[in-house]
Amino acid sequence: MTVTGITDPVIREMGSGEEARWDAFVDAAPEATFFHRAGWRRVLEEGLGHRAHFLFAERNGEVDGILPLGRIRSRLFGDALISLPFCVRAGVVGRSEETRAALERAACDLADRLGVDHLELRQEAPRNPDWPTQSERYVHFRRALDPDPEANLKAIPRKQRAMIRKGMEAGLEGVVDDDLERFYPLYAESVRNLGTPVFPKRYLRTLREVFGDDCEVLTIEHRGQAVSSVLSFYFRDEVLPYYGGGGPAARDLKANDFMYWDLMRRAVERGYAVFDYGRSKRDTGSYRFKKHWGFEPEPLYYEYHLVRGQEIPDVSPSNPRYRVFVDAWKRLPLPMARVIGPVIARNLG
C-alpha cells in the first residue's frame, strides 16, 4: 500500500555483499550500537557456528531499519532467537515507529517459523509492554569521560582510587598486544575461577579479524610479565572493555584496577568521551566492582515473544539448577576447562 507516495517497509534478510549498506545505516542512526554492526553475522557464524538472521527494512529502495538476530540451539539451555547473542543490546532500530513495529513482527514470524522456544529482544528501553520482560536482572554501566585524565581519576571513589595508585606504585605498565597469545590464558583462568566456561579462541580471533582496530587487546605487565589483559571495542566516541582477566599475581598487584584505569586514560588521549563498562547481573561481583568505580547502573530491558517456551528463561549462574555446575567448574583443572569450556560457552548466548 502507498500513502502520499511512501511505500510500506519491505522486510528481508541482509544478503551477501550488503554489509556496507547495513553499516552505513548503523553509522547514521544515533540509537545503534557497536553490537548492531554487520560484522557480528560473521562472528556468530564463523566464530561460534550459529545461524544469523539480520533483518533489513527497506522503503523506496533505502535502508529504513535493522534488527540483527542470532539463533542459539542448545540441549542444555534451549532454542532461542536473540538480538543479539553474546551482546549487551542490539534491539530494533528504525527511522519510524511503523518500521520498528514491522521489524518486530517479522522477527516474531521468523521465531514462529523456526519453532524456537522464544524470541529475545535486548534493548535499553521497553517497547512491548504486553510481552514478558526482564528488567531487574541485567544492568549496564556508562559514564562520560573528562578530557583531563586527572579529573577522571579524581572522579573515582577514594578506596578504588587507592587500588589504582597501588598498581602505579608497583610499576605496572600497559602494552597493546597484536594478538591473543597473552590475553587468552589470563582470560581463561579468570572465567574458570568464576565458574564460567571460556569462549573458544576461534571466536575471539574472529572478533579481532572482523573489527580490526576497533577490537584491541591491552595487556598489563609487571617486570615484563603479563599479569592481566582486556579485549575492548571502540565505537564512535566510546570504549567498551568486554572480555578481561588476570593471573594469580593480579590480585596482590591490583592489576585489574590499574588495567581499567590505564584503558580509560588511553581512551581519553585518543579522543574518546564515554567509558562503557558493559553489562552485569545485579548483586554479582562484577556489579559491585563497577559500583565501586562510581558508575551508576542503568536497567536493560530484555523482552520475550514466547513460542514453544512457557516462561522467561533463566540461565543465570544464580539459578539453583546451575549452581552445582558452577561450583564444580571452579574446581576443574585449568587444562580441562580450556578444552571443555568452549563447547559449552558457545551455547550460552
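The values are calculated or read from the model by the stated rules, or taken from the named source; none is laboratory data. Just so we're clear, the structure is a prediction, and the values are computed from it rather than from any experiment. Cβ atoms come from the backbone with ideal geometry, glycine included; neighbour counts cover every protein chain shown. Ligands, DNA and RNA are excluded from the accessible area calculation, which covers all protein heavy atoms including side chains. Shrake-Rupley method; radii C 1.70, N 1.55, O 1.52, S 1.80 Å.
Things worth noting here:
- For the chain, modelled as a GNM whose springs connect Cα atoms under 10 angstrom apart, the maximal fluctuation among GLU31, GLU169, GLU296 occurs at GLU169.
- Surface analysis of the stretch 140-298 yields an accessible area of 45 Å² per residue, using protein heavy atoms and a 1.4 Å probe.
- With the simple model of a label 7 Å out from the Cα in the direction of the Cβ, SER74 to GLU31 spans 2.9 nm.
- Per-residue [θ]222 nm for the chain (sum of -39500 (n - 2.57) over DSSP H runs n ≥ 4, rounded to 500): -10500 deg cm²/dmol
- For TYR243, the amide hydrogen comes within under 5 Å of the amide hydrogens of LEU231, counting only partners 5 or more places away or on other chains and with H modelled in the peptide plane.
- Part-to-part distance (alpha-carbon centres) for the stretch 243-304 and the stretch 24-95, which is given in Å: 25 Å
- Projecting the Cα atoms of ALA170, SER228, PRO157 onto the charge dipole of the stretch 140-298 (Cβ charges, centred on the Cα centre) puts PRO157 farthest toward the positive pole.
- Stokes-Einstein, applied to the Kirkwood radius of the chain over Cα pairs at a viscosity of 1.002 mPa s and 20 °C, places its translational diffusion at 101 µm² s⁻¹.
- In Hz, Karplus ³J(HN,Hα) per residue of the stretch 28-33 (6.51, -1.76, 1.60; θ = phi - 60°; x = Gly, Pro): 8, 9, x, 7, 6, 10
- Surface composition of the stretch 106-204: carbon plus sulfur atoms hold 49% of the accessible area, using a 1.4 angstrom probe and ignoring ligands, DNA and RNA.
- Note, ³J(HN,Hα) from phi for the stretch 224-240, Karplus 6.51, -1.76, 1.60, rounded to Hz, x at Gly and Pro: x, 9, 5, 10, 7, 7, 9, 9, 10, 9, 10, 8, 6, 10, 10, 10, 10
- Nearest 10 degrees, 0 to 90: helix 320-330 Cα axis against the chain principal axis: 40 degrees
- Across the stretch 28-174, Cα pairs under 8 Å and at least six residues apart give a relative contact order of 16 percent.
- Residue-by-residue Karplus 3J(HN,Hα) for the stretch 65-74, coefficients 6.51, -1.76, 1.60, Hz, glycine and proline x: x, 9, 8, x, 10, x, 9, 10, 10, 9
- Label-point gap, in nm, between GLU62 and ARG236 - each point 7 angstrom along Cα→Cβ: 2.0 nm
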